[in-house]
1. Taking residue 74 as the residue in question, decide whether it is within 30 Å of residue 116 (Cβ to Cβ), in contact with a Cys (Cβ under 9 Å, 6 or more places away or on another chain) and either outside any loop (DSSP other than H, G, I, E, B) or of a type in the set (Asp, Glu) (or both).
2. Working only within the range 61-74, note down all residues that are surrounded by 10 or more Cβ atoms within 10 Å (Cβ to Cβ) and either under 9 Å from the mean Cα position of the chain (by Cα) or small (Gly, Ala, Ser) (or both).
3. Go through the range 99-119 residue by residue and tally those that are within 17 Å of the chain's Cα centre (by Cα) and farther than 16 Å from residue 74 by Cα.
4. When you go through 93, 64 one by one, which is the residue that is at pLDDT below 80 and aliphatic (A, V, I, L, M)?
5. Residue pairs, Cβ under 7 Å, 6 or more apart or interchain, first in the range 25-54 and in contact (Cβ under 8 Å) with a residue 12 or more places away in the chain, second among the charged types (D, E, K, R). List them.
6. Using the structure shown, decide if residue 42 is touching an Asp or Glu at 6+ places or on another chain (Cβ under 9 Å) and either surrounded by 10 or more Cβ atoms within 10 Å (Cβ to Cβ) or not in a loop (DSSP other than H, G, I, E, B) (or both).
7. May I ask you to list the residues in the range 91-119 that are β-branched (Val, Ile, Thr) and in a loop (DSSP other than H, G, I, E, B)?
Amino acid sequence: MLWPKARCCRAEQHHISTKAAGLDFTALTTPGNQQLMVDSSCGRACALLVRNADVPVYMAYGQAQLGMVGDDVLREHPMAVAVKRSSPYRRAADLPAHCLVASKFIHCARTFLTAWISL
């Protein structure tokens with residue numbers, strides 16, 4: 001799990017350490033904690049403290065299964081339109097009008113595509 005240093009606050013920690021998730025990273029909020037890697041109390045997971053902007057990079061390279069970021073980081077990270085290698089589309093401008101676009105981040109995709117259309 002990737003945990004941005006700036007988000008080491010009790011609200012997120014309490015949410016992550018719920019019994020339903022089975023994870024407890026209370027060591028992250030311990031005053032004076034200097035560790036960059038903290039194991040959960042159950043030993044099933046490990047949290048790595050990274051810079052906020054680095055979370056999408058770690059996730060893109062498959063270095064973690066879970067990352068916590070705010071929508072500000074998602075909006076700043078470059079959006080990409082992925083298509084099959086054999087597709088004639090190479091950029092967002094090549095997409096036909098009224099085409100269907102699938103995205104995990106529907107609000108970010110909508111904002112990206114709306115901004116592109118208005119150019």
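The values are calculated or read from the model by the stated rules, or taken from the named source; none is laboratory data. All of these numbers come straight from a predicted model, not from anything done at the bench. All Cβ positions, even for glycine, are placed from backbone atoms using ideal geometry, and neighbour counts span all protein chains on display.
1. Details: within 30 Å of residue 116 (Cβ to Cβ): yes; in contact with a Cys (Cβ under 9 Å, 6 or more places away or on another chain): yes; either outside any loop (DSSP other than H, G, I, E, B) or of a type in the set (Asp, Glu) (or both): yes.
Criteria met by residue 74.
2. 64, 66, 67, 68, 69, 70, 71, 73, 74
3. 0
4. Values: 64 fails: at pLDDT below 80.
Result: 93 is the single residue among 93, 64 that is at pLDDT below 80 and aliphatic (A, V, I, L, M).
5. 29/10; 40/24; 41/24; 42/24; 46/39; 49/5; 51/5
6. No.
7. The initial filter retains those residues of the range 91-119 that are β-branched (Val, Ile, Thr), namely 101, 106, 111, 114, 117.
101 - this is the single residue of the range 91-119 that is β-branched (Val, Ile, Thr) and in a loop (DSSP other than H, G, I, E, B).
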